[in-house]
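Reviewing the structure listed below.
The values are calculated or read from the model by the stated rules, or taken from the named source; none is laboratory data. Remember, it's a predicted structure, so these values are computed and weren't measured experimentally. Using ideal geometry, Cβ is built from the backbone for each residue, glycine included, and neighbour counts are taken over all protein chains shown. Surface areas here come from the heavy atoms of the whole protein model, side chains and all, with no ligands, DNA or RNA. Shrake-Rupley method; radii C 1.70, N 1.55, O 1.52, S 1.80 Å.
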Amino acid sequence: MRKHQTLGVYLHAQGVSRRAFLKFCSATASLMALPPSAAAQVAAALAAARRPSVIWLSFQECTGCTESLTRSHAPTLESLIFDAISLDYHHTLQAASGESAEAARIAAMEENEGEYLLVVDGSIPLGNPGYSTIAGMSNLDMLRETAGGAAAIIAVGTCAAFGGIPHASPNPTGAVSVSEIITDKPIVNVSGCPPIPVVITGVLAHFLTFGTLPDLDHLGRPVAFFGQNIHDRCYRRPFYERGQFAHTFDDEGARKGWCLYELGCKGPTTYNACATLKWNEGTSYPIASGHGCLGCSEPDFWDKGSFYTPISAGLWGSRETLIGAAAAGAALGVGSALAARARKKKARAAEEAES
Amino acid sequence: MTLLDFARGPALQWSLIILVFGVLWQLLGTILIGVKKDLSKPRRNTAVRDGLATIATRSLPEHQFEKKIRFQHFSGYAWHVALFIAVLFSAPHILFFESVLGFGWPHLPNGIILVTAAIALAILFALVIRRLSHPVQRLISNADDYISVIVVIVPLVTGMLASAHIGARYETLLAIHFLSVEALFVWFPFGKLMHTALTFPSRFRAGAAFGRRGVKA
Ligand code: SF4
């Protein structure tokens, strides 16, 4: 796609029919919790949108977020929309390497000063600048430099949004999220390990349509996608209500598709759109595949005890401390009873001596 | 650390430590304090039988007061039974007990637990209203009674809200439920909730002592 070509022209050239495009626009409008009448506005704005420059920085990450977006089973409209942006810098996807890659980043920044979107995946190590560098530049410096001229930042994946797995205790690299470093730019957290591809493109579509970022929740995530928890949308919920649980991964309950709460499902405390949008073009999501939700779109999901501990169970230290408390309580009880007895005996002796 | 992490972690740990420590302290301190030696000749040597019989007889309304105390007595039973069902047979609770005790038991469906908890709550409210409106009961009630009622009512209400997902985000409701139960744990050994542990031993001791003197307890 040429830089000044509109998205509408580009999609048409790719063989996307007007009908399919409108269908995508209505779906995007409804995904973003916009009224049905907004679909036409989305379509008009998207068709006329010129490709925005996007710089994608990857820091301490596993490339799962990029994989999630680019390795879908078949090319989807979302991925075409994603293709339609001018992805001027992305380690994994760009053809250029070495100094020319860095030059592409600098050129995109200069050309689109104040207008480009910055996408970040991965956390930023503050422990030592040398823990993660790109072309000899620390992640911290590169983020600060690139964020400077960005219109907005999309923190893709739980690592960029909340620190993620690198941030897990004992956090050896001193990993932090984007929002802990950049405080003067609008930031959208598209969390998930990895995030759902359509959520990333949904945020891009919103930006292209309205020129603004979508409404965000208290963790900076788009409300349209992270407004409801998995449990409220889970198809296994009736089994939860009836008290029908799988106790192991291969028992009768598991085979019958009963609720995975006892097996540690974090659906009730996890906000994401997996249960509605699903993965691999709406094929499935972890709970539908028989495994409880890990809560991967929530901060510190790696540090909340075992994935297989139910959320109503305690995350407390040890039974030994309780045994210690019991021993101390018993000793105090026996001691105070003996002391009371001794006092009584003494009082009686004094009484007898008086009489 | 989120509120839920705090409630499930350090707050739970410390409240359980205080609960276990306090209960053993109060229980052993009370039981071992001993009673004055009775120097009289025993009328009969059936202390254990008399003690056990008194546990049973005092669990029924005293005949001559039966009419007057019937409501109080049986609503008290209904409240305790409903509370125990809601506490002991809810699936999330059993998973919690399992994490502390190392073993679990079968549970009841969520709907039954919710109805039972609602019944328990209604009975408790009726009993509190009676306590407040009955001149004698009001006179013999002190702050301990009211605090004990509050630390029981709050977990019931928050538990029902959490299980029905009403009023706030689930993790907030769950955290508040945990914290309210932890407040109950901390208060338990030092207030009238200790009747849970002391009712039967005290009935037994009274029955045994009365029996020794040949008096019906
Ligand atoms: S499987 Fe998980 S999300 Fe689904 S109903 Fe059970 S606890 Fe809720």
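Each residue of segment B:179-184 was assigned a 3J(HN,Hα) from its phi angle through the Karplus expression (A = 6.51, B = -1.76, C = 1.60, θ = phi - 60°), giving 5, 5, 5, 5, 4, 4 Hz with x at Gly and Pro. Between segment A:117-134 and segment A:252-311, the alpha-carbon centres lie 29 Å apart. Calculation over all alpha carbon pairs of chain B in 10 angstrom steps from 0 returns a P(r) of 7, 24, 33, 23, 10, 3, 0 percent. A Stokes-Einstein calculation at 10 °C with viscosity 1.306 mPa s, built on the Kirkwood radius of segment A:230-339 over Cα pairs, returns a diffusion coefficient of 98 µm²/s. Going by accessible surface with a 1.4 Å probe and the largest first, B:HIS73, B:HIS80, A:HIS218 read A:HIS218, B:HIS80, B:HIS73. With the cut-off at under 19 Å, measuring from each backbone N in segment B:83-98 to a point 7 Å along the Cα-to-Cβ line of B:ALA122 picks out B:83-87. The apolar share of the surface of segment A:230-339, taken as the fraction of accessible area on carbon and sulfur atoms (1.4 Å probe, ligands and nucleic acids excluded), comes to 60 percent. For segment A:164-320, would you read off the P(r) tail past 26 Å as a percentage of all alpha carbon pairs? The calculated P(r) of segment A:164-320 puts 35 percent of pairs beyond 26 Å. If the chain linking A:GLU180 and A:ASP250 were pulled fully straight, counting 0.36 nm for each residue of separation and taking away their Cα-Cα distance, it would gain 20.9 nm. Taking chain A as a Gaussian network of alpha-carbon nodes connected by springs under 10 Å, the highest mean-square fluctuation of the residues A:LEU338, A:LEU260, A:LEU118 belongs to A:LEU338.
Projected onto their three principal axes, the Cα atoms of segment B:1-114 cover extents of 64, 37, 25 Å, largest first. Taking R0 as 30 Å, what's the FRET efficiency between B:ARG70 and B:VAL215 from their Cβ-Cβ distance, rounded to 0.05? Given R0 = 30 Å and the Cβ-Cβ separation, E is 0.70.
Atom-type composition of the exposed protein surface of segment B:1-107 places 70 percent of the accessible area on carbon and sulfur (1.4 angstrom probe). The gain in end-to-end length when the A:SER26 to A:THR212 segment is fully stretched comes to 65.1 nm, 0.36 nm per residue minus the alpha carbon separation.
A 1.4 Å probe over all protein chains sorts A:SER123, A:SER336 by accessible area into A:SER336, A:SER123, starting with the largest.
Values of log10 I(q)/I(0) for segment B:48-165 across q = 0.17, 0.18 Å⁻¹ run -1.00, -1.05, by the Debye formula with one identical scatterer at each alpha carbon and no solvent. Spacing of the modelled spin labels on B:ALA78 and B:LEU52, each 7 Å from Cα toward Cβ, amounts to 3.2 nm. Using a probe of 1.4 Å, the accessible surface attributed to B:TRP105 totals some 70 Å² when neighbouring protein chains are kept in position. Modelled label positions at A:ASN280 and A:LYS344, each set 7 Å beyond Cα in the direction of Cβ, lie 7.4 nm from each other. Helix B:66-88 and the longest principal axis of the C-alpha atoms of chain B enclose an angle of approximately 40°.
Residues of segment B:148-197 buried by at least 10 Å² of accessible area upon assembly of all protein chains, compared with the chain on its own (1.4 Å probe): B:SER163, B:HIS165, B:ARG169, B:TYR170, B:GLU171, B:LEU174, B:PHE178. A loss of 40 Å² or more of accessible area (1.4 Å probe, protein heavy atoms, ligands and nucleic acids excluded) relative to the isolated chain is seen in these residues of segment A:268-308: A:THR269, A:TYR271, A:LYS304. Under 5 Å between amide hydrogens, built in the peptide plane, is the criterion, and for A:ARG221 it picks out A:ASN189 among residues at least 5 positions away or on other chains.
Per residue, segment A:52-226 exposes an accessible area of 37 Å² to a 1.4 Å probe, with every protein chain left in place.
When the listed pairs A:LYS344/B:LYS216; A:LYS344/B:LYS37; A:LYS346/B:LYS36; A:LYS346/B:LYS41; A:LYS346/B:LYS37; A:LYS344/B:LYS36 are checked against a 21 Å cut-off, the alpha-carbon distance exceeds it for A:LYS344/B:LYS216; A:LYS346/B:LYS41.
Against the main long axis of the alpha-carbon atoms of chain B, helix B:110-133 sits at an angle near 50°. Over chain B, accessible surface divided per residue gives 57 Å², non-protein components excluded, 1.4 Å probe. Surface composition of segment A:52-226: carbon plus sulfur atoms contribute 52% of the solvent-accessible area (1.4 Å probe, protein chains only, all chains present).
Between helix A:38-48 and chain A there is an angle of about 50 degrees, using the helix long axis and the longest principal axis of the Cα atoms. Across the options A:LEU46, B:LEU198, B:HIS73, the greatest Cα extent toward the positive end of the charge dipole of the protein assembly as shown (unit charges at beta carbon of Lys, Arg, Asp, Glu) belongs to B:HIS73.
Given R₀ = 41 Å, FRET efficiency for A:THR63-A:GLU241 by Cβ-Cβ distance, to 0.05? Between A:THR63 and A:GLU241 the formula returns 0.55.
The alpha-carbon of A:LYS278 sits under 21 angstrom from the alpha-carbons of these lysines, leaving out residues fewer than 8 places away in its chain: A:LYS23, A:LYS256, A:LYS266. When accessible surface is computed with a 1.4 Å probe, chains B and A are found to bury approximately 3500 Å² between them, both chains counted. Residues A:LEU332, B:LEU60, A:LEU204, B:LEU101, ordered by accessible area of protein heavy atoms at a 1.4 angstrom probe radius and largest first, appear as B:LEU60, B:LEU101, A:LEU332, A:LEU204. Cα convex hull, segment A:86-192: 94 Å³ per residue, rounded to a whole number. Semi-axes of the equivalent ellipsoid of segment A:283-355 are 60, 10, 9 Å, computed as sqrt(5λ) over the eigenvalues of the C-alpha gyration tensor in descending order. Report D for the protein assembly as shown in µm² per second (integer): Stokes-Einstein, Kirkwood Rh on Cα pairs, 37 °C, 0.692 mPa s. The estimated diffusion coefficient comes to 115 µm²/s.
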